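Before anything else, here's the structure in question.
The values are calculated or read from the model by the stated rules, or taken from the named source; none is laboratory data. Because the structure is predicted, anything quoted here is derived from the model rather than measured. Every residue, glycine as well, gets a Cβ built from its backbone with ideal geometry; the counts of neighbours run over all protein chains shown. Keep in mind that these areas ignore ligands, DNA and RNA; they rest on the heavy atoms of the full protein, side chains included. Shrake-Rupley method; radii C 1.70, N 1.55, O 1.52, S 1.80 Å.
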Amino acid sequence: DSEKNRFHLHRYSGSSDHSVSMINLRQEESSTDEIGKVPRSPSLEDQEIMQDEDMAVDETCTPWADLVDKSVMKDLSPMEIKRQEAIHELVHTERTHLKKLKTLYYVFYIPLQSSKHLTAAKVEGLFPHLLKIIEIHRYVLRGMRERYNQCQMHEETRGRLTSIGDIMLGLFDSQLGEELIEACSEFVSNQTSSLEFIKATRSKSKDFDRLIQRCEAKPICSRLQIGALMSTVMSRLTKYPLLLEKLLKYTDENDPDHVFVENALDASKEALIEVNEQVAVSENQQFLKEIQRKLDTSPLEKAALQLQETKNFSLIADGRELVYDGHLSWRIVKNRTTSMAVDCRDCMK
């Protein structure tokens with residue numbers, strides 16, 4: 001049963017036809033039940049990792065014009081060539097993003113799952129929804145490759161991707177988009193606490209520290225540390241509007257793809273706003289919990305008379321939210337002040 005449920009991230013295949021080489025994905029469909037499953041496999045060897053063609057992508061984006069036959073370009077307008085370059089950049093960066101996500105999975109997630117240092121549940125908590133995020137980006141890249149293959153069936157569109165806006169719109173404005181927003185929001189919200197936990201555990205355990213050092217030293221990490229790899233989840237969301245704006249700039253208004261690219265751009269901005277809002281709410285609650293942890297209520301507990309509202313005082317009760325925070329100084333005399341911490345009910349709701 002464990003082998004049946006195993007999440008086979010390392011078994012991909014793909015085409016190597018010029019520009020489609022940036023969209024190497026396996027043809028087989030994966031069931032919804034597979035998404036987000038915690039792998040039960042042992043650590044994968046470096047050689048096996050490198051068999052995954054998605055891991056072989058070069059970080060440098062070779063210009064589209066250098067990848068296609070010159071005969072493909074001779075009948076294209078300068079604007080269409082720039083549009084193809086924009087599409088190529090969008091697809092290439094999507095694949096390099098997938099590579100970084102898989103690096104996080106192969107190099108850190110699996111070894112930590114297999115180690116004696118942390119429980120499987122704790123590792124999942126450090127990288128919440130990582131497998132779902134990977135699966136979503138695999139799905140998008142598969143759609144791009146299928147579209148490219150369709151274009152290669154016609155001589156007039158050979159070597160090009162004639163439309164991509166509907167695929168990008170589907171990434172944000174659909175159930176897939178809702179899942180992406182939910183998964184990325186939780187991943188990013190936990191990133192700071194996850195890195196703090198890893199740092200604290202490294203300082204307490206030499207074995208754990210050596211494990212992380214070995215992981216980060218692997219060539220496949222390209223000198224990126226675990227924090228840098230984790231940050232790509234959010235940075236990718238911030239890049240979508242920029243990439244789509246560039247694509248829209250070079251897409252003629254009469255092109256059927258124009259409306260899809262335009263709507264995808266709007267949807268990507270809305271998705272980014274929603275993720276930022278959810279992350280802000282989560283960070284707000286984490287900040288309140290930290291204040292609560294450091295709060296000294298002993299003077300209240302020792303007081304002979306206590307107001308009812310000071311008993312079992314909690315900043316995080318009743319879904320409270322911190323609205324304002326900052327430094328407060330009380331001027332005792334002209335040139336003398338003292339710092340204060342005040343619970344202002346007008347600052348919380």
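Check Arg223 against each of (1) within 24 Å of Glu59 (Cβ to Cβ); (2) touching a residue at least 40 places away in the same chain (Cβ under 8 Å); (3) not in a helix (DSSP H, G or I) and name the one condition it does not meet.
Unmet condition: (2).
Pairs please, first residue from the range 68-86 and under 10 Å from Thr251 (Cα atoms) and in a helix (DSSP H, G or I), second anywhere and open to solvent by less than 30 Å² (accessible area, probe 1.4 Å) and not aliphatic (A, V, I, L, M), Cβ atoms under 8 Å, 6+ apart in sequence or on different chains.
Taking only residues 6 or more apart or on different chains, the pairs are Arg83/Thr251; Gln84/Trp64.
Among the numbered criteria (1) of a type in the set (D, E, K, R); (2) outside any helix (DSSP H, G or I); (3) open to solvent by less than 10 Å² (accessible area, probe 1.4 Å), which one does Arg138 miss?
Going through (1) of a type in the set (D, E, K, R); (2) outside any helix (DSSP H, G or I); (3) open to solvent by less than 10 Å² (accessible area, probe 1.4 Å) one by one, Arg138 breaks only (2).
Does Thr96 satisfy being surrounded by fewer than 20 Cβ atoms within 10 Å (Cβ to Cβ) and modelled with pLDDT of 90 or more? Even if it seems obvious, please write down each step before you answer.
Values: surrounded by fewer than 20 Cβ atoms within 10 Å (Cβ to Cβ): yes; modelled with pLDDT of 90 or more: yes.
In short, yes.
Might you check whether a residue that is modelled with pLDDT of 95 or more and either crowded, with 19+ Cβ neighbours inside 10 Å or at positive phi (or both) occurs anywhere in the range 216-225?
Within the range 216-225 (the criterion being modelled with pLDDT of 95 or more and either crowded, with 19+ Cβ neighbours inside 10 Å or at positive phi (or both)), the answer is no, since none of the residues qualifies.
Does Tyr148 satisfy the condition of being farther than 21 Å from Glu274 by Cβ, open to solvent by less than 40 Å² (accessible area, probe 1.4 Å) and within 15 Å of the chain's Cα centre (by Cα)?
Against the criterion (farther than 21 Å from Glu274 by Cβ, open to solvent by less than 40 Å² (accessible area, probe 1.4 Å) and within 15 Å of the chain's Cα centre (by Cα)), Tyr148 does not qualify.
Return the residues of the range 191-214 that are of a type outside the set (D, E, K, R), part of a helix (DSSP H, G or I), at pLDDT 95 or above and out of contact with any Ser or Thr (no Cβ under 8 Å at 6 or more places or on another chain); say none if nothing qualifies.
Ser194, Leu195, Phe197, Ile198, Ala200, Thr201, Ser203, Ile212, Gln213 - these are the residues of the range 191-214 that are of a type outside the set (D, E, K, R), part of a helix (DSSP H, G or I), at pLDDT 95 or above and out of contact with any Ser or Thr (no Cβ under 8 Å at 6 or more places or on another chain).
Give the residue, chosen from Lys122, Lys132, that is under 14 Å from the mean Cα position of the chain (by Cα), of a type in the set (D, E, K, R) and under 30 Å from Ile110 (Cα atoms).
Lys132
Filter the range 87-125 down to the residues that are part of a helix (DSSP H, G or I) and of a type in the set (Lys, Arg), then identify the one that is farthest from Arg223 (Cα to Cα).
Lys122
What do you reckon, is Leu130 under 27 Å from Gly227 (Cβ atoms) and either buried (at least 21 other Cβ atoms within 10 Å of the Cβ) or of a type in the set (Phe, Trp, Tyr) (or both)?
So Leu130 passes the test.
May I ask you to list the residues in the range 170-195 that are open to solvent by 50 Å² or more (accessible area, probe 1.4 Å) and polar (S, T, N, Q)?
Gln175, Thr192
Check Ile167, Ile198 and return the single one that is among the β-branched types (Val, Ile, Thr), touching a residue at least 24 places away in the same chain (Cβ under 8 Å), crowded, with 18+ Cβ neighbours inside 10 Å and within 30 Å of Leu76 (Cβ to Cβ).
Ile167
Among Asp54, Asp58, which is touching a Lys or Arg at 6+ places or on another chain (Cβ under 9 Å) and at pLDDT below 90?
On the way: Asp58 fails: touching a Lys or Arg at 6+ places or on another chain (Cβ under 9 Å).
Answer to the check: Asp54.
I would also like to ask the following. Could you list all residues from the range 115-127 that are touching a Leu at 6+ places or on another chain (Cβ under 8 Å) and either open to solvent by less than 50 Å² (accessible area, probe 1.4 Å) or at positive phi (or both)? Talk me through it step by step, then tell me what you get.
Here is the first cut: in the range 115-127, the residues touching a Leu at 6+ places or on another chain (Cβ under 8 Å) are 115, 117-118, 123, 126-127.
If the condition is that a residue be touching a Leu at 6+ places or on another chain (Cβ under 8 Å) and either open to solvent by less than 50 Å² (accessible area, probe 1.4 Å) or at positive phi (or both), then Ser115, Leu118, Val123, Leu126, Phe127 are the ones that fit.
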